[in-house]
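The values are calculated or read from the model by the stated rules, or taken from the named source; none is laboratory data. This structure is a prediction, so every number in the text was calculated from the model and none was measured. FYI the Cβ positions are ideal-geometry reconstructions off the backbone, even for glycines, and counts take in every protein chain you see.
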Amino acid sequence: MINTKDVVRNLEKEMESVTRDLRREFAAIRTGRANPAILERVMVEYYGTPTPLPQLATVSVQDSRVLVVQPWDRNAVKDIEKAILKSDLALTPTVDGAIIRIAIPPLTAERRNELTKLARKIAEEHRVAIRNLRRDANEQIKKAEKTEGLSENESRRLQEEVQKLTDRFIAQIDQLLAEKEKEILEV
C-alpha cells in the first residue's frame, strides 16, 4: 500500500530542489553589481578539458563593480581570460600579472528589460516544474485510491495537502522573482 506521508515528503523535497535550482539560475543572471556567482557557468579550456571557472580560481568581489579572479595555476590566466571573453556575459577581463580583474559595467535600460524578461521566463519554467510535480503526486494518489483501497476522504485530504505545498512553493518562486527583478532594475 502507498505510504501517504512519503508521497507528501518526497513531493516537498522535489519542490525544494526546484526552488534551489531557481536560486542558482537567478544567481547567474548578471545585475549591475559584482557577484561571483555570475562566473560559475564559465567553462575554461584547461589542458584540453572544459573546466568550470570556480574549480580553477578564487573569485571574489573587490568592490561593488569589480570582480577579482585569482587562478591557482599561473598558466591558466590566459585560458581564463579567453573563456570570460567568449562567454555570453559581455564582460572584459583585465589581466594584472597573476590576477584577473573584471569591471562590471552598469546595465543599460534595454539590457535591464531583457534580463527581467529572462528572469520571468526562468521563473515560469520553474512554476511549470512545480505544477508537473503536483500533477504526478495527484496521479499517484488517485492510482492508490483505485488500486490500493485508499479512502476517498484520505485521497481528498492528500490532494489538498499537495495543493497547499504547491501554493507555498509557487509563492516562494514569485518572491524570488520579485527580489531578482528589484535587483536587476536597481540603478
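Report yes if some residue within the range 62-77 is at pLDDT 90 or above, within 30 Å of residue 173 (Cβ to Cβ), surrounded by 18 or more Cβ atoms within 10 Å (Cβ to Cβ) and outside the structural domain of residue 120 (by TED's automatic domain parsing); otherwise report no.
Within the range 62-77 (the criterion being at pLDDT 90 or above, within 30 Å of residue 173 (Cβ to Cβ), surrounded by 18 or more Cβ atoms within 10 Å (Cβ to Cβ) and outside the structural domain of residue 120 (by TED's automatic domain parsing)), the answer is yes, since at least one residue qualifies.
Yes or no: residue 144 within 30 Å of residue 3 (Cα to Cα), buried (at least 18 other Cβ atoms within 10 Å of the Cβ) and not hydroxyl-bearing (Ser, Thr, Tyr)? Spell out how you get there, then give the answer.
On the way: within 30 Å of residue 3 (Cα to Cα): yes; buried (at least 18 other Cβ atoms within 10 Å of the Cβ): yes; not hydroxyl-bearing (Ser, Thr, Tyr): yes.
Yes: the conditions hold for residue 144.
Within the range 84-100, can you find the residues that are touching a residue at least 24 places away in the same chain (Cβ under 8 Å) and outside any loop (DSSP other than H, G, I, E, B)?
Scanning the range 84-100 gives 84, 93, 99, 100.
Report yes if some residue within the range 83-94 is modelled with pLDDT of 85 or more, within 29 Å of residue 174 (Cβ to Cβ), surrounded by 12 or more Cβ atoms within 10 Å (Cβ to Cβ) and in contact with a Leu (Cβ under 8 Å, 6 or more places away or on another chain); otherwise report no.
No, that holds for no residue.
Do the conditions hold for residue 154, that is, is it at pLDDT below 90 and either outside any loop (DSSP other than H, G, I, E, B) or more than 21 Å from the chain's Cα centre (by Cα) (or both)?
Numbers: at pLDDT below 90: yes; either outside any loop (DSSP other than H, G, I, E, B) or more than 21 Å from the chain's Cα centre (by Cα) (or both): yes.
When the stated conditions are applied, residue 154 passes them.
Which of the following residues is touching a residue at least 40 places away in the same chain (Cβ under 8 Å) and more than 30 Å from residue 20 (Cβ to Cβ): 158, 150, 165?
Numbers: 158 fails: more than 30 Å from residue 20 (Cβ to Cβ); 165 fails: more than 30 Å from residue 20 (Cβ to Cβ).
It is 150.
From the set of residues in the range 34-61 that are among the small types (Gly, Ala, Ser) and surrounded by 15 or more Cβ atoms within 10 Å (Cβ to Cβ), which is nearest to the chain's Cα centre (by Cα)? Show your work before the answer.
So the first thing to find is which residues in the range 34-61 are among the small types (Gly, Ala, Ser), and the list is 34, 37, 48, 57, 60.
Okay, now just the ones that are also surrounded by 15 or more Cβ atoms within 10 Å (Cβ to Cβ), so 34, 37, 57.
Details: 34: 17, 37: 10, 57: 21 Å.
Per the criteria, the residue is 37.
Among the candidates 103, 28, which residue alone is free of Cβ contacts under 8 Å to residues at least 40 places away in the same chain, over 22 Å from the mean Cα position of the chain (by Cα) and surrounded by 13 or more Cβ atoms within 10 Å (Cβ to Cβ)? Spell out how you get there, then give the answer.
Working: 28 fails: over 22 Å from the mean Cα position of the chain (by Cα).
Criteria check complete, one pass: 103.
Can you find even one residue in the range 30-50 that is in a loop (DSSP other than H, G, I, E, B), modelled with pLDDT under 90, more than 25 Å from residue 177 (Cβ to Cβ) and among the aliphatic types (A, V, I, L, M)?
Checked the range 30-50: no residue is in a loop (DSSP other than H, G, I, E, B), modelled with pLDDT under 90, more than 25 Å from residue 177 (Cβ to Cβ) and among the aliphatic types (A, V, I, L, M).
With the checklist (1) in a helix (DSSP H, G or I); (2) surrounded by 13 or more Cβ atoms within 10 Å (Cβ to Cβ) in hand, flag the one item residue 174 doesn't pass.
So residue 174 meets the others, but not (2).
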